[in-house]
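Encoded as C-alpha cells, the structure appears first; notes follow it.
The values are calculated or read from the model by the stated rules, or taken from the named source; none is laboratory data. Fair warning: this is a prediction, and the values are worked out from it, not measured in the lab. Every residue, glycine as well, gets a Cβ built from its backbone with ideal geometry; the counts of neighbours run over all protein chains shown.
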Amino acid sequence: METILDLTKENIQDVVNASMEKLVVLAFWAGQQPESVATVQTLEQLCRGRFILAKVDCEAQMEIASYFRIQALPTILLLSQGQPVDGLAGPQDAAALSALLEKHLPPVWQLQLDEARQILAANPDDSQLQQAIALLTQALQAKPGDDIRLALADAYLQAHELAAAETELNAVGLAGQDSYYQTLMAKLQLAQEAADTPEIRELQQKFEATPDNLDIRQQLAKALHQAHRDEEALALLFDVLKQDLGAGNGQVKQVFLDILTAIGQGNVLANQYRRKLYSLLY
C-alpha cells in the first residue's frame with residue numbers, strides 16, 4: 001500500500017486492515033480551510049514512509065467524516081490495530097504533530113533495521129545490498145546492538161565484504177551469539193577459505209619477502225579484489241599512496257581507481273576509500 005493516499009469508501013477497509021501492521025494517520029481536511037491544508041502538507045513532509053497517511057477530503061467524503069464524527073478541521077486521528085488510539089483537533093504546527101506521532105511510532109533505527117531485514121530476505125542485488133548496509137550502519141550509530149550487528153554482518157557477507165563482516169561478528173557479545181550468529185560465522189569461514197586461493201598465498205609470501213616491490217603489491221591487490229577481498233586490496237594500495245601518489249609512475253593509483261570503479265559507485269567501502277583518496281589530492 002502507498003504510504004500517502006486519499007481515503008475513500010472504496011479503500012477504507014484496506015486502510016483499516018493496514019493499521020494492523022503499521023500506524024495509520026487519518027487527516028481530515030477541506031480545501032476551503034487553509035489551516036487544514038497546511039496541516040496535511042506538514043504531515044506529508046513528516047511521513048517519509050514511517051506511517052500511512054490517509055487524507056480525507058471532507059468536502060468529497062462527507063459520509064466518512066460523519067462516520068468519524070468530525071466537528072473541527074483539521075482533525076487528526078491515529079489508527080493502530082484497527083482502532084483509534086490518539087488524535088488532535090484544530091490547526092497544528094510541525095512540533096505538535098511530531099510529538100503526537102513519536103508517542104506511537106517505532107524509533108527510526110527500528111524501521112531501518114526492519115527495512116534492511118526485508119531487503120536481505122529477498123535475494124537482493126548489489127545496489128540493494130548497499131542500501132541495506134547503509135540503513136544498518138545508520139541504525140547501529142543510533143542504537144548499538146547485537147541484533148543490528150548481526151544483520152549488518154549478514155549484509156556484508158552477501159556483498160562479499162568479508163573483512164567488514166568479520167569485524168561486526170567479532171563485536172557481537174556473548175548474549176548475542178545465537179544460532180543466527182553461528183550460521184553467519186560458518187558462512188564467513190567458508191567464504192574466507194574459498195577466497196584464500198593458492199595464487200593469493202603465493203603472492204602474499206612474495207610480498208612479505210619483498211614489501212617494497214610495487215609490482216608484487218599490485219598483483220596481490222588485484223588477486224584479492226578478484227576474491228572479493230576488496231578492503232584488503234584497497235588498504236594494500238592506499239598504504240603506498242599515502243606516501244607517494246605517483247608511486248610506480250602512477251600505476252598504483254590507477255589500479256586503486258580501477259578497483260574502486262569495479263566495486264561500484266554505491267558501495268560503502270568504495271565511497272570510504274574515495275574520500276580517503278580525495279583527502280590526499282586536496
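You will find that of ALA223, ALA262, ALA227, the residue that is touching a Leu at 6+ places or on another chain (Cβ under 8 Å) and modelled with pLDDT under 95 is ALA223 and no other.
Condition check for SER179 on (1) over 15 Å from the mean Cα position of the chain (by Cα); (2) polar (S, T, N, Q); (3) within 23 Å of PHE238 (Cβ to Cβ): one failure, at (3).
Those helices (runs of 4 or more DSSP H) of segment 209-273 in which at least 1 residues are touching a Pro at 6+ places or on another chain (Cβ under 9 Å), considering only elements entirely within it, cover 214-226. Exactly one residue among LEU140, LEU105, LEU129, LEU79 is touching a strand residue (DSSP E or B) at 6+ places or on another chain (Cβ under 9 Å) and either free of Cβ contacts under 8 Å to residues at least 12 places away in the same chain or aliphatic (A, V, I, L, M) (or both), and that residue is LEU79. With respect to the conditions (1) closer than 30 Å to ASP114 by Cβ; (2) more than 34 Å from the chain's Cα centre (by Cα); (3) not β-branched (Val, Ile, Thr), GLY90 lacks only one, and its number is (1).
Taking every residue in segment 223-239 that is at positive phi and pairing it with any residue that is surrounded by fewer than 22 Cβ atoms within 10 Å (Cβ to Cβ) and of a type outside the set (D, E, K, R), at least 6 positions away or on another chain, the pairs with Cβ-Cβ distances below 6 Å are HIS228/HIS160. Taken over segment 25-57, residues that are part of a helix (DSSP H, G or I) and more than 18 Å from ARG69 (Cα to Cα) amount to 13.
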